[in-house]
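Let me begin by presenting the structure, written as structure tokens, before commenting on it.
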Amino acid sequence: MTAISFNGIPVPADGEVVKVANGKATTPNKPVVAYINGDGIGPEISVATRRVIDAAVTRAYGDTRQIKWYEIVAGEEGTRRFNDLLPADTLAAIRHFNVAIKGPLSTPTGGDQRSINVGLRQKLDLNQCIRPFRHFTGVPTDVKRPEKVNIVLFRENVEDVYAGIEFKMGSEGAKKLRACLAELGVTIREDTGIGIKIMSKYNTERIIRAAIQYALDNKLPSVTIVHKGNIQKYTEGAFCEWGYELAAAEFGDKTITEKALKANNWVMPEGKVLVIKDCIADAMLAEVVSRPERHPVVVTMNLNGDYLSDLIAACVGGLGIAPGANIGDDYAIFEATHGTAADIAGQNLANPCSLLLSAVQMLEFFGWTEASKAVVAAIETTIAGNTMTGDMAKLVPGSTKVSTSAFADALIANLPAKV
Ligand code: NAI
């Protein structure tokens, strides 16, 4: 690799670029992974994550494989060093190395500052947000049967109301839009802020295709399309319709709709392996709590996906343990799903599991499954042995409360000897 740098930081001399095409990785033995520590608790959980991942990779592959970590900056660190929340070089580095992992970044509420997290997803066209949720024995939750929750959520990531098409009350844009709507026979009050919800067939098809392919690859029995199509016909409703059409057109030999299956007395026809069904968004919230086992793979639009993620995460023990991957055709960013937790920042108290399990998704994306399984096994052993960070320990009588760094030590000690 030629000597280059981003933000003045030289890239690792002996690292190689992970190639990403059509959302799939081709991974060399010494891949460079760009990392953003993040704000608040970000640096603490990032250090813990890198330590555990390095130990698992060494345990699985000896010195034949190694991640070459490369720091890029954004958020408060970006402002401090470059007076820029998202320096151009940070984006250039992700575009160069194709894969990044990030801690949480803070977004001020109100004002004009848009979320860097949302900005990154849009600039890099990371259209899929993939969040696998499962319960680890020993993690405290208020749900009676958390072990029934085993859901992989595919959330469309760049459209819907998140596309950022918004006009402030009284702005030129709002005035023009009101006039335009008036021409279409729609009257809205003058003191109105306007946001536009969009859903394209192109991006619907990309996320539905990814969800179906995932279910087929992992031999899961069904995909549930979640939508609010009874009310918003041409966005949410179209998402559902286009989803069914794509399933029939591209996966028709393997899939069957739930309606057709019912008409066939619930007998799966020869050759069919996957049921495609849909559920209205509000009903889905109840399903998550009462019958989660019916929905191993869920695919939905951006805002529904946002609400659903927090609910499903709560069922398995909160955001501290739920990971996330943002994957597009050309790039992938893995990230903690919780925020910056300013109340406990800098105190070595944070739970690193969300970021660590996001790194596990990254290892799976690389095809390094021996290492990913080792980390999951270490988390299972450690938590089942009642060693946990304070957020969980305070809810588990008799548990041993440890710091972020001591929890990482325990995970490393609990990596299975043979993977
Ligand atoms: P938060 O997730 O930072 O905190 C909510 C509560 O959960 C706090 O009591 C916190 O201490 C606790 N908590 C969160 N993560 C934890 C962990 N790993 N270990 C132990 N306890 C943990 O949510 P909040 O307060 O709504 O957001 C704070 C900031 O984070 C905001 O600026 C928000 O925009 C940003 N944020 C960034 C995200 C990202 O970068 N992807 C996602 C969500 C929020």
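Here are some notes:
- Rounded to two decimals, the Cα radius of gyration of region 1-105 over 2.2 N^0.38 Å is 1.08.
- In sequence order, region 348-363 has phi-based couplings of 6, 10, 5, 8, x, 4, 4, 5, 5, 6, 5, 5, 4, 4, 5, 4 Hz under the Karplus curve 6.51 cos²θ - 1.76 cosθ + 1.60, θ = phi - 60°, and Gly or Pro positions carry x.
- Selected from 340, 260, 279, residue furthest toward positive end of dipole (the chain; charges at beta carbon): 260
- Rounded to the nearest 20, the Cβ-based charge dipole of the chain about its Cα centre (Lys and Arg +1, Asp and Glu -1) stands at 620 debye.
- Restricting region 310-418 to trypsin sites (Lys or Arg not before Pro) that sit in a DSSP loop and have at most 16 other Cβ atoms within 10 Å of their own Cβ leaves 394, 418.
- Computed 3J(HN,Hα) for region 149-162, one whole-Hz value per residue from the Karplus formula 6.51 cos²θ - 1.76 cosθ + 1.60 where θ = phi - 60°, is 7, 8, 10, 9, 9, 9, 10, 4, 10, 10, 10, 6, 5, 7, glycine and proline marked x.
- Stretching the chain fully between residue 71 and residue 380 yields a gain of 108.3 nm (0.36 nm per residue, less the alpha carbon separation).
- Carbon/sulfur fraction of accessible area - the chain, other protein chains in place, 1.4 Å, %: 53 percent
- In the frame of its principal axes, the chain has Cα extents of 63, 58, 47 Å, reported largest first.
- Relative contact order of the chain, defined on C-alpha pairs under 8 angstrom at six or more residues apart (%): 23 percent
- Mean accessible surface per residue for the chain, computed with a 1.4 Å probe while every protein chain stays in place, in Å²: 45 Å²
- Computed from phi, the 3J(HN,Hα) profile of region 127-134 under the Karplus parametrisation 6.51, -1.76, 1.60 (θ = phi - 60°) reads 6, 10, 10, 10, 10, x, 10, 8 Hz, with x in place of Gly and Pro.
- If the chain linking residue 168 and residue 26 were pulled fully straight, counting 0.36 nm for each residue of separation and taking away their Cα-Cα distance, it would gain 46.7 nm.
- Under 5 Å from the amide H of residue 102 lie the amide H atoms of 36, 334, 335, 336, each residue being 5 or more positions distant or on a separate chain, with H modelled from the backbone and absent for Pro and chain starts.
- Value of [θ]222 nm, deg cm²/dmol, for the chain, DSSP H segments ≥ 4, -39500 (n - 2.57) each, nearest 500: -12000 deg cm²/dmol
- Protection proxy ranking for 88-100, 138-150, 167-179, using the average of other Cβ atoms within 10 Å per residue and placing the highest first: 88-100, 138-150, 167-179.
- Extension gain (nm, one decimal) between residue 213 and residue 182, 0.36 nm per residue minus Cα-Cα: 6.8 nm
- Cα-based shape type of region 1-45, given that a ≥ b ≥ c are square roots of the gyration tensor eigenvalues and the cut on a/c is 1.5: oblate
- Whether region 150-274 is rounded, prolate or oblate, judged on the alpha carbon gyration tensor where a/c under 1.5 counts as rounded: prolate
- Look at where the Cα atoms of region 274-349 and of region 351-419 average out, and the two centres are 19 Å apart.
The values are calculated or read from the model by the stated rules, or taken from the named source; none is laboratory data. Note that the coordinates shown come from a computational prediction; the quantities given were computed from them, not determined experimentally. Note: ideal-geometry Cβ built from the backbone for every residue, glycine included; neighbour counts use all protein chains shown. These area figures cover heavy atoms from the full protein model, side chains too; ligands, DNA and RNA do not enter into them. Shrake-Rupley method; radii C 1.70, N 1.55, O 1.52, S 1.80 Å.
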